[in-house]
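This report refers to the structure that appears directly beneath it.
Values quoted throughout were computed directly from the atomic coordinates according to the rules given, and no laboratory measurement underlies them. These numbers were taken from a predicted model, which means no experiment stands behind them. Here the Cβ is made from the backbone with ideal geometry for all residues, glycine too, and neighbour counts use every protein chain on show.
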Amino acid sequence: MDVVIGSAYRGPADSANGGYACGVFSTLSPSATGAPAAVVLHAPPPLASALDVRGHGARAQVWHGDVLVATVGPGSSTMRAVDPVTVEEARRAESSFAGREGHPFPTCFVCGVDVEPALGFPLTPGRLDGRDLVACTWTPDADVSTELVWSALDCPGGWTCDPVREPMVLGRMSALVLELPEPGRPHVVVGGLWRRNGRTAHIGTALYDPAGRLLAKATSVWIALEAGRQAPPERRGMADVHHTR
C-alpha cells in the first residue's frame, strides 16, 4: 500500500506539514481507527512521493525508500485537554501572533505568512492575556477532514514556545478527533506548554466549537533545531509510540 502527501500540504520548504502528515498516517493502523492515534515522525515527511506502508499487527510503519518516515499506533485514551477559551478571546490573541516577522517556516500551509488563504488557513495563534496559553480561531470550509483537524491541532502548539528565536519541528503527536468541526463557523484552537526538557517541548492542544464544546485534543513533542539547521535529517531520540501521552 502506498500513500502520497500532496505538495499543497507543505510545512517547511521541502517537506509536509507535520500535523497533516500525522493525520494522514493516523488512518493507516487498524487499531487507531476511531480511537486515539499516535504517530512518531522519524524523518521529514516528503511531498508528492509514494510512501510505502508496512503493517505490523496493531502498528504500521511508513517508509520512503529505505528511510523510515513514521511509526503509527494506538494513542493514550487519557490525554487531557487544554482548557477552552471564547471565540472573542481567541480573536484578541491573534493580534499578538509572533510569526508575522521572522517566521521560521513561512511556506507552512497551516500558519505560514507566504501562503494563500485556503481551507480556513493560515492560522495566527497568539498569546492570551494573563494566561500561559496561545489561541486562535479556525473557520474551516466544506472540505474539512480528519487530516485537517490534526493540522489545526499541530501548528498552534509550536507557538507556545518561541519558534522565531528557536525554530522547532514536530517529532511526535497523539490525537483524538471526537467530531469534525462545522464548516463556515468560527472554532477555537488553544495550546499550552506542558513542560520543556532541553531541546524537547511537551505540548497540548485542543479544538472547541463556538459554544466551548470539545471536538478534538492532542499532545505533541516538538524538537528545537540545532543552530543554523532549517530541518533535521532525522528526528533522533523519539520514543516508541506506545510511550506517547
Answer in debye to the nearest 20: the dipole magnitude of the chain about its Cα centre, from +1 Lys/Arg and -1 Asp/Glu charges placed on Cβ, is 740 debye
Expressed in angstrom and rounded, the centroid-to-centroid distance over alpha carbons for segment 164-224 and segment 41-82 is 18 Å
What trypsin sites (Lys or Arg not before Pro) in segment 1-81 are in a loop by DSSP, with at most 14 other Cβ atoms within 10 Å of the Cβ? Arg80
Just need the relative contact order of the chain here, percent rounded to a whole number, with Cα pairs under 8 Å and 6+ apart. 22 percent
Taking segment 2-231 on its own, what percent of its Cα-Cα pair distances exceed 23 Å? 42 percent
Can you tell which of Val72, Pro140, His187 lies farthest toward the positive end of the dipole of the chain, using +1 and -1 charges on the Cβ of basic and acidic side chains (Lys, Arg; Asp, Glu)? Val72
